[in-house]
Amino acid sequence: MKICITGGAGMIGSALLRKLSNKGYEIIVIDNLWRGKVENINTIENWDFNNNFHNIDLSDTNNEEKLLKILESTDVLIHLADIVAGIGYVFNNQYEIFKINNTINTNIFSICSKLNIKKILYAGTACSFPKNLQLSLTSILKESQLFPAEPESAYGWSKLIGTMELQYMAEKYKLNVSTLMLHNVYGPYCDTDPKRSQVIPSIIRKIIELEPNGQLDVWGSGNQGRAFLHVDDVANAFQLALEKDDIPQIIQIGPNHCTSIKHLVNVLINDVIKKPINVHFDTTKPEGDLGRCADYTIANESLGWSPQLDLKEGLFDTYNWIKSKIN
């Protein structure tokens with residue numbers, strides 16, 4: 001089986017590539033390295049980086065002929081590529097994110113239809129759920145609640161429109177498609193750029209770079225929460241979806257509990273770092289949705305999936321990786 005992973009040099013893509021490389025699949029990766037890094041994938045065992053990695057911008061329509069050649073005889077597309085970042089970047093670049101993500105999706109889906117690629121797995125996001133359903137730490141989301149739609153951000157809208165475009169294309173061309181709607185993914189090989197990083201790598205980097213007796217500034221009140229999901233659990237979900245034929249078109253991937261940012265910081269300080277740190281919650285900064293988590297019943301019933309890594313274990317893993325990179 002020949003598989004293409006777009007965005008395959010990023011956190012999720014590289015985890016999935018490491019997972020699938022020992023399974024005997026022929027895997028090609030397309031990534032323009034906006035967030036992904038060559039060093040995330042160029043030493044993966046049982047995978048030929050030099051022949052199977054392609055640095056291509058999927059938002060550029062001039063790359064169509066090149067992509068048609070690269071993707072020829074592909075059996076499955078796992079589409080992870082998009083513009084995604086922390087809430088500061090997202091809310092300051094709404095138009096660019098909306099435009100680029102929609103362009104990426106339309107371009108790659110057009111290639112799939114021309115090549116008759118029969119199976120497509122798309123990385124969606126919990127940010128696409130209506131903002132009025134994400135108001136507390138106990139807000140549990142179900143796939144049936146996606147509509148009527150009212151995402152909070154252009155990022156959420158762009159990913160939801162991608163899901164809709166994929167479903168319309170599947171109906172027209174008789175394709176097997178599914179959107180895995182991911183909650184807040186974290187783990188090694190994450191983006192630690194201060195301008196783009198999401199909450200866990202952002203806070204970990206601040207802690208590592210903190211001066212003696214310095215103050216850790218955390219955005220928002222700390223009362224807002226997220227359903228944190230380790231990247232290895234995400235890779236497992238995509239592998240299960242890859243290996244099953246008849247699965248729902250929308251599957252929510254995330255834990256059934258929400259963690260407040262205050263609790264996240266406490267676990268990092270008291271259980272992972274194990275040293276006292278002065279914390280300041282900056283309420284002048286945006287905090288995004290107040291809270292959400294997943295009813296992952298459909299994922300469990302259709303894929304046999306449930307999250308396996310608890311937060312403390314995942315934070316140890318992530319902290320040690322980020323520390324090694326920064327040092």
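Contour minus end-to-end for Ser113 and Lys325, with contour as 0.36 nm per residue of separation and end-to-end as the Cα-Cα distance? Kindly include the intermediate steps, with their values, before the conclusion.
Numbers: separation 212, 0.36 × 212 = 76.32 nm, distance 4.02 nm.
Fully extending the segment from Ser113 to Lys325 adds 72.3 nm.
Each peptide in 314-325, 198-209 receives the mean, over its residues, of other Cβ atoms within 10 Å, and ordering these scores from highest gives 198-209, 314-325.
When Lys and Arg each count +1 and Asp and Glu each count -1, what net charge do the other residues less than 12 Å away from Leu58, Cβ to Cβ, add up to?
Numbers: positive: Lys66; negative: Asp31, Asp57, Asp60, Glu64, Asp82.
Residues near Leu58 contribute -4 overall.
For the stretch 231-245, backbone phi angles converted through the Karplus equation (6.51, -1.76, 1.60; θ = phi - 60°) give residue-by-residue couplings of 4, 5, 5, 5, 4, 4, 4, 5, 5, 4, 5, 4, 8, 10, 8 Hz, Gly and Pro being listed as x. For a 4.7 Å threshold on C-beta separation, the list of partnerless cysteines in the chain reads Cys4, Cys112, Cys127, Cys190. Of the residues Pro255, Val279, Leu240, the one whose Cα sits farthest towards the positive end of the charge dipole of the stretch 231-285 is Val279 (charges of +1 on Lys and Arg Cβ, -1 on Asp and Glu Cβ, taken about the Cα centre). Each peptide in 109-120, 44-55 receives the mean, over its residues, of other Cβ atoms within 10 Å, and ordering these scores from highest gives 109-120, 44-55. Note on the chain: antiparallel DSSP beta bridges, both residues inside, total approximately 5 percent of the bridges counted. Placing unit charges on the Cβ atoms only, positive for Lys and Arg and negative for Asp and Glu, gives the chain a dipole magnitude near 240 debye about its Cα centre.
In a shell of Cβ-Cβ distance under 14 Å around Ile277, excluding Ile277 itself, what net charge do Lys and Arg (+1) and Asp and Glu (-1) give?
That sum, taken over residues with Cβ under 14 Å, equals +1.
With 0.36 nm allotted per residue and the present C-alpha distance subtracted, the Glu211-Phe147 stretch has 18.4 nm of extension available.
Remark: spin-label model distance Glu313-His263 equals 1.8 nm, labels positioned 7 Å along the Cα→Cβ axis. Taking the Cα of Thr43, stepping 7 Å toward and past its beta carbon, and measuring to each backbone N in the stretch 163-192: which are under 14 Å? Counting only backbone N, you get 189. Think of the chain as having a plus end and a minus end, set by charges on the Cβ of Lys, Arg, Asp and Glu; of Val199, Asn32, Asn101, Val199 sits farthest toward the positive end of this dipole. Charge dipole of the stretch 134-254 (Cα centre as origin; +1 on each Lys and Arg Cβ, -1 on each Asp and Glu Cβ, all else neutral): 140 debye, rounded to the nearest 20.
Rule-based calculations on the coordinates, nothing more; no lab input. What you see is a predicted model, and the numbers here were worked out from it, not measured in a lab. Positions of Cβ are generated from backbone atoms using ideal geometry, with glycine treated the same way; all protein chains shown enter the neighbour counts.
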